[in-house]
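Below: the structure, in structure tokens.
The values are calculated or read from the model by the stated rules, or taken from the named source; none is laboratory data. Please read all numbers here as calculations on a predicted model, not as lab measurements. Just so you know, the surface numbers come from the protein's heavy atoms only, side chains and all, with ligands and any DNA or RNA stripped out. Shrake-Rupley method; radii C 1.70, N 1.55, O 1.52, S 1.80 Å.
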Amino acid sequence: QMGLTGSERLGERFFGAYLEAAYDVMPRLCHGARWALQPYARWETLDTQENVSGGSENPALPRTILTAGAALLPHPNVVVKADRQWRNNDADTETGQWNLAVGYSF
């Protein structure tokens, strides 16, 4: 605990940004395919407590995340995704992770 009270424990601002790209490779692999296969990559940077008055910023809060994975769409309303995340912060407390997801759009 930093021992700060009132406005000294809150950052004056927060920020975040990301850049993401994906491309459907299935038409290149199999002409006339009904499925889609979309490799993707995303770079993110964020800080939820930037510029804490009193100068006690938590070095674990400014984060950078790099994600790489693929989305498989066997049907236009269904997606199965798998990706790997490499997560970093100034405190070296972040841990990378694998993610799996299934989605349905109705």
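Table for the structure above
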| quantity | calculated |
| --- | --- |
| Accessible area in the full protein assembly, largest first, 1.4 Å probe, for His75, His31 | His31, His75 |
| Sequence-distant residues sharing a close amide H with Glu94 (under 5 Å, placed H) | Asn89 |
| Residue-span extension gain [Tyr18 to Leu100] - 0.36 nm each, minus C-alpha spacing | 27.5 nm |
| Stretchable slack from Lys81 to Thr64, in nm (0.36 nm times residue separation minus alpha-carbon distance) | 4.0 nm |
| J(HN,Hα) series, the range 91-106, from Karplus relation 6.51 cos²θ - 1.76 cosθ + 1.60, nearest Hz, glycine and proline x | 8, 6, 10, 6, 10, x, 7, 9, 10, 10, 8, 10, x, 9, 9, 10 |
| Which of Trp35, Trp98 is most accessible, then next, and so on - probe 1.4 Å | Trp98, Trp35 |
| P(r) of the range 15-106 over all Cα-Cα pairs, binned every 10 Å from zero, in whole percent | 15, 34, 26, 15, 7, 2, 0 |
